[in-house]
1. Pick out the one residue from B:23, B:101 that is out of contact with any strand residue (DSSP E or B) (no Cβ under 9 Å at 6 or more places or on another chain), over 25 Å from residue B:247 (Cβ atoms) and crowded, with 18+ Cβ neighbours inside 10 Å.
2. Quick check: anything in the range B:51-58 crowded, with 20+ Cβ neighbours inside 10 Å and in contact with a helix residue (DSSP H, G or I) (Cβ under 7 Å, 6 or more places away or on another chain)?
3. Report the residue count in the range B:100-129 for those that are assigned to a strand (DSSP E or B) and closer than 28 Å to residue B:194 by Cα.
4. Of all the residues that make up the range B:140-183, how many are in contact with a helix residue (DSSP H, G or I) (Cβ under 9 Å, 6 or more places away or on another chain) and away from chain A (no Cβ under 14 Å)?
5. If you take the residues in the range A:162-183 that are within 19 Å of residue A:91 (Cβ to Cβ) and in contact with a helix residue (DSSP H, G or I) (Cβ under 7 Å, 6 or more places away or on another chain), which one is surrounded by the most Cβ atoms within 10 Å (Cβ to Cβ)?
6. Which one of B:239, B:197, B:227, B:253 is surrounded by fewer than 24 Cβ atoms within 10 Å (Cβ to Cβ) and assigned to a helix (DSSP H, G or I)?
7. Looking at the range B:200-215, which of its residues are outside any loop (DSSP other than H, G, I, E, B) and farther than 20 Å from residue B:154 by Cβ?
8. Here are the criteria: (1) away from chain B (no Cβ under 11 Å); (2) more than 21 Å from residue A:176 (Cα to Cα); (3) not in a loop (DSSP other than H, G, I, E, B). Tell me which single one residue A:37 does not satisfy.
């Protein structure tokens, strides 16, 4: 069995006195899409933040076989993890193009970057139109597109997406999810997807974990979870 | 008319000096939301370094860039050693730290170089040149040119290079920038280095006009504050425009408003600060502050 790209083993963490994760274990296989579901406050965002070093944690987190313990966010993302944070992390003081350039700013393979630019504009033509405008002029959906495009320009092996559907119209969500699937398939980027919209997330992913107050309550193949009515009712709310 | 042109040129020369120091203030304000009260003292100290190099026989045009380099490194070191430990402290703590730094640098300059005012050599001849029938001092025009070149260089660095892009990103959006691999903490240090170097330009340019002594920058920094506030404390372009406006206003008021004369010029700068804060708190180029609470 090939070892997973990302592994979390009994991860505990919290903010100050408040403990948020109480032993989360999960893994993301190379090239897969895994969804992380759960109610508000279950610890989904905190799990992602732990992975990229945004909170202090206990237990172990390994990426491509190497522990991420004690490493800084800047180094972790350099290993090939692109994290699209809650709220999208758009740099609204800068232009669309500058946001994209920041995604690729550490890369030395200039020709490949140029090709990635072309592909990103193919996925999201609207970004090409708005390229020289301030990122603050983009709508919510366009900002989400920019965030995904920028993450892709980091040439990651793993993308962490925190609620890409939040606040967006259903049609926009659909098209973004389609592109996430395309990115996963053609670029072989693994995706760890945090979502409130469990139905969509389960459609897209192959495996899923459901968090409940800082623990993994249920996990399994997405198709199986979709089929289990009791799981859907009690954890996924649809 | 001829006198007016002379006054305008010398106002712009003062303005260019204020603009450089104001830009230094803005660079640090952008990076940490903090006005560096030690900026003027740091510039003064750098000027003493330039002075020391020159009186030991170094050519002015070698001493000048060398001093900027030293000021840059010193700015980085100050950030690492003095500011870094209190980086996350409340802004009031930081203000006190920079005030302490100002006192420290001032005292160190007094201790090392003494309080006797010294005349600083100027590489520019004192002659005047004839433009459109008016005589402008070559000194003033040179100051404008030197500051202009430095300000354009900073603009190109910030707007046209990757390092400038990461600097701006880190200054405005530290958390998302970190997730894109920007070393935010180093960017702060780099910001301090740049500010320190730009500030040093103002010190070296003003020293031949005033006399070099440890308190030389204490009025200049007030003008620079006025310029930065007028431009909208967050805008580098605003700092430059603000600097020129303050320089012109102060000079013209000094020359043509009878009761201002030479004595109340500083009061004009203070009036600008108060006026801007009352009438247009975001300055000419600033944006209204929007905060999520």
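The values are calculated or read from the model by the stated rules, or taken from the named source; none is laboratory data. Just so it is clear, the model here is predicted, and its values are computed rather than measured. Here Cβ is always computed from backbone atoms with ideal geometry, including for glycine, and neighbour counts include all displayed protein chains.
1. On the way: B:23 fails: over 25 Å from residue B:247 (Cβ atoms).
Testing whether each residue is out of contact with any strand residue (DSSP E or B) (no Cβ under 9 Å at 6 or more places or on another chain), over 25 Å from residue B:247 (Cβ atoms) and crowded, with 18+ Cβ neighbours inside 10 Å leaves just B:101.
2. Restricting attention to the range B:51-58, the residues satisfying the condition of being crowded, with 20+ Cβ neighbours inside 10 Å are B:51.
Adding the requirement that they be in contact with a helix residue (DSSP H, G or I) (Cβ under 7 Å, 6 or more places away or on another chain) leaves none.
No, because not a single residue in the range B:51-58 is crowded, with 20+ Cβ neighbours inside 10 Å and in contact with a helix residue (DSSP H, G or I) (Cβ under 7 Å, 6 or more places away or on another chain).
3. Total satisfying the criteria: 1.
4. Counting residues in the range B:140-183 that are in contact with a helix residue (DSSP H, G or I) (Cβ under 9 Å, 6 or more places away or on another chain) and away from chain A (no Cβ under 14 Å) gives 15.
5. That would be A:164.
6. Details: B:239 fails: surrounded by fewer than 24 Cβ atoms within 10 Å (Cβ to Cβ); B:197 fails: surrounded by fewer than 24 Cβ atoms within 10 Å (Cβ to Cβ); B:227 fails: surrounded by fewer than 24 Cβ atoms within 10 Å (Cβ to Cβ).
Sole residue among the options that is surrounded by fewer than 24 Cβ atoms within 10 Å (Cβ to Cβ) and assigned to a helix (DSSP H, G or I): B:253.
7. First pass over the range B:200-215, keeping only residues outside any loop (DSSP other than H, G, I, E, B): B:200-206, B:212.
Residue satisfying the conditions is B:212 alone.
8. (2)
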